[in-house]
């Protein structure tokens with residue numbers, strides 16, 4: 001029997017024919033040439049091809065098969081002057097915004113022309129090629145004589161002032177319904193168009209009643225605010241004719257024909273199960289293709305139809321593999337994606353390495369129950385697996401082993417780079433302790449690799465190189481080993497876990513049994529649903545419901561069984577407190593003008609919003625009252641109630657309202673302003689509320705903030721939407737004596753200077769306490785109220801029960817001897833340094849011992865003679881001032897001399913030594929002054 005050879009290519013070049021005349025002999029010959037050109041391996045001759053006068057062509061191949069091509073496949077007819085759409089024209093132009101329904105002005109028409117030229121730069125259009133009518137209808141005449149018409153909906157966007165509730169971002173890029181021929185659309189096809197429009201515009205909550213689809217595919221959408229949107233048939237449907245080339249163009253272009261073949265014994269017709277396997281193979285190989293239908297014939301030939309109406313054909317050789325009993329074939333269940341064994345150099349595999357290959361094959365195919373005797377591994381790594389039933393699987397060396405030479409960097413297949421991160425202050429080099437923590441984290445994450453500290457090298461920026469026992473090398477970037485933070489961040493940044501939502505839907509579990517795999521998957525899905533924007537890397541659900549969530553930055557969050565599952569016993573209402581337990585009350589609110597009763601339409605909108613927010617809830621009935629109060633009844637008889645504030649948003653004419661918009665992303669979790677008693681807020685307190693809102697919403701386009709006397713606050717955004725904060729969200733009222741975070745605490749304390757990175761001494765901790773008490777004299781703090789940690793972190797417990805934590809950066813300032821001694825900190829520091837330099841220079845020509853004795857005498861005399869001490873102190877202060885003044889001029893002279901010396905001699909280490917001596921002198925003078933002052937007090 002003649003049949004269509006699977007190798008014939010019917011995608012031939014089309015011959016262009018003017019008018020409807022019969023084809024000439026020359027035109028018929030060109031068609032023959034085109035067919036032979038498209039099928040060079042078939043060795044066709046002109047005698048094998050018959051071309052009729054209308055272009056219908058019959059091809060008789062060498063194997064006796066016959067192929068018929070329709071005129072649409074061989075020729076393309078046209079008439080002179082026929083407008084046709086050039087395939088290169090882009091009609092997705094920017095729309096000009098037009099107020100009201102007036103005729104377009106010349107300027108507006110020019111902007112439309114500019115938009116069209118901008119969208120089609122390669123077409124070299126001029127203003128003369130484009131005609132814009134008063135309503136926005138536009139005709140474009142291209143250089144090749146084709147004509148394109150754009151509707152007003154494609155060129156302009158009209159609006160009226162006060163059009164509320166209308167989302168101007170209507171999406172007209174909808175899926176097109178495939179319609180065969182030129183007939184009227186069926187009711188099913190019209191409904192499909194409606195569904196496509198609703199699918200493309202989920203936020204508009206469109207109903208079928210708002211969409212009218214004509215028999216030709218034209219669709220009219222009535223939006224709120226008397227706004228109408230019209231879609232042309234070209235935007236809603238795609239027509240095709242029988243006989244159009246199967247591999248038209250379009251979605252079929254990216255189709256992957258390289259699919260897994262289904263084994264079929266003998267020459268029998270495919271069973272329904274085998275046809276399903278073919279379909280599954282096609283879908284698996286084309287997961288992102290918009291496949292609408294797959295038709296598998298009895299012999300394995302398959303037609304795949306896509307959403308845009310294009311098709312592709314697969315031959316039996318591409319979909320199935322026929323075999324006879326006793327023939328070896330590839331088992332469709334065998335997994336050849338196995339772990340590779342590392343082999344050093346090019347030598348033969350050892351017995352241990354061959355055994356490792358066997359183990360990897362068995363590990364990758366646990367369901368096949370393979371034994372070592374059924375797996376043969378060659379010296380080069382080639383493996384043969386006897387699957388039974390004369391089925392053999394061969395693996396090449398590249399699939400079983402990975403060769404390397406010593407020094408070759410390669411990645412150990414077992415290395416786990418998902419390690420805990422070490423917090424490091426932004427910009428700092430890692431300390432030795434931090435580098436050691438990185439090493440410990442790597443060893444902890446890879447216990448089987450038996451790594452030592454010597455195997456791991458950590459650079460100053462956190463880049464880490466790991467050399468494993470098998471000679472492989474792994475490099476981790478700083479982002480994988482450290483978590484950098486700024487001073488404004490918490491000292492240990494918890495990372496992506498900060499924004500993780502633990503309040504997920506719970507999975508009902510009967511009794512105290514272990515969770516099934518299906519129940520674990522439901523928990524995973526519930527976590528993902530509650531955290532759509534979280535960068536989740538892995539979710540590990542334990543048998544009892546305990547769940548570990550790992551995020552992309554390596555941080556983790558743990559959920560207890562009580563947070564993931566809801567256990568119940570038989571006889572209890574389903575899910576204990578009922579289906580209402582998992583109900584989501586955070587629904588979109590329906591805007592309602594004034595205080596009128598809700599209309600039936602508004603009640604329906606409330607119902608739709610509830611269903612949309614609770615798609616998986618078994619809702620039986622929704623009763624919306626006239627004021628918006630709503631009772632939801634579930635399948636198990638339980639109920640939940642929503643207040644009017646939860647379902648509707650009442651507004652007065654002229655008020656912007658929260659339909660959608662900028663208010664959506666507003667963060668209400670702001671710092672609260674403490675307010676004593678029940679008084680009205682002062683202007684200062686209102687300003688503090690405003691500042692707190694702005695600080696918590698730095699990226700929000702806030703236009704205005706209106707703070708009421710009681711703390712209630714209305715925030716208006718640039719797009720006119722609003723959000724309201726209750727007094728409980730903005731202020732913290734308290735009575736005198738109540739514990740709260742005191743607003744009067746001053747954390748701008750004097751910093752204690754600490755040398756190096758050592759732990760703080762008791763004396764240094766005491767000085768920090770003194771600095772805090774000094775900065776907060778009115779708070780009557782005692783040493784017992786202040787706790788100073790070894791690193792300078794300080795906790796202050798005030799009399800009213802509030803607590804304040806100061807970071808090390810707020811209490812201390814660390815330095816090394818090579819650092820400058822903070823000349824730029826305060827005028828006090830500069831003055832002190834000048835005094836110390838003056839003392840040092842004036843004393844350089846005197847005997848150090850006599851200086852010490854003199855200081856000692858002064859200290860002793862001050863104990864016994866306060867008056868004399870006071871006089872001496874006054875003289876000392878005046879003397880130091882005089883000496884400092886005198887020293888300034890002498891220092892200038894010394895600077896000149898020093899500069900001259902440096903121009904002649906290389907710099908030595910004396911400068912560092914001088915700084916050390918200077919530092920000791922500074923500290924000595926400060927200590928002496930401190931004790932004298934304390935004694936006087």
Once you have a ≥ b ≥ c as the square roots of the Cα gyration tensor eigenvalues for segment 341-404, tell me rounded if a/c is under 1.5, and otherwise prolate or oblate according to whether a/b is larger than b/c. prolate
Between residue 97 and residue 392, 0.36 nm times their residue separation minus their Cα-Cα distance comes to what? 99.4 nm
Run the quick spin-label model on residue 762 and residue 604: label points 7 Å from Cα toward the beta carbon, then report their separation in nm to one decimal. 8.1 nm
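Given 0.36 nm per residue, what is the gain on full extension from residue 171 to residue 709 after removing their alpha carbon distance, in nm?
Net length gain for the segment: 189.4 nm.
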Between residue 292 and residue 268, what is the FRET efficiency for a Förster distance of 30 Å, r being their Cβ-Cβ separation, to the nearest 0.05? 0.55
Could you work out the relative contact order of segment 341-404? I mean the mean sequence separation of Cα pairs under 8 Å and 6+ apart, divided by the number of residues, in percent. 38 percent
Packing-based exposure ordering (other Cβ within 10 Å, fewest first) of 159, 404: 159, 404
Relative contact order of segment 752-815, pairs being alpha-carbon contacts under 8 Å that are 6 or more residues apart, as %: 38 percent
Residue 620 versus residue 671: modelled label distance in nm, points set 7 Å from Cα along the beta carbon direction: 5.1 nm
So the label point goes 7 Å from the Cα of residue 257 along Cα→C-beta, right? Which residues of segment 33-50 then have their backbone N under 16 Å from it? 38-42
Please give the peptides 298-310, 277-289 ranked by average Cβ packing (other Cβ atoms within 10 Å per residue), highest first, as a rough proxy for protection. 298-310, 277-289
Computed lengthening from residue 373 to residue 631, 0.36 nm per intervening residue step minus Cα-Cα distance: 86.1 nm
Here FRET efficiency (C-beta to C-beta, residue 543 to residue 187, R₀ 51 Å, nearest 0.05) is 0.50
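Under the definition of Cα pairs under 8 Å and six or more residues apart, what whole-number percent is the relative contact order of segment 422-487?
38 percent
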Estimated FRET transfer efficiency when R0 is 45 angstrom, pair residue 416-residue 795 (beta carbons, to 0.05): 0.75
Neighbour-count ranking [beta-carbon atoms within 10 angstrom, fewest first] of 265, 735: 735, 265
Mind sorting 924, 65 by how few other Cβ atoms lie within 10 Å of their own Cβ, fewest first? 924, 65
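Only the coordinates and a few stated rules stand behind these numbers; no lab work does. None of the values given here were measured: they were computed from a predicted structure. Heads up, the Cβs are rebuilt from the backbone with ideal geometry, glycines too, and the neighbour counts pull from every protein chain shown.
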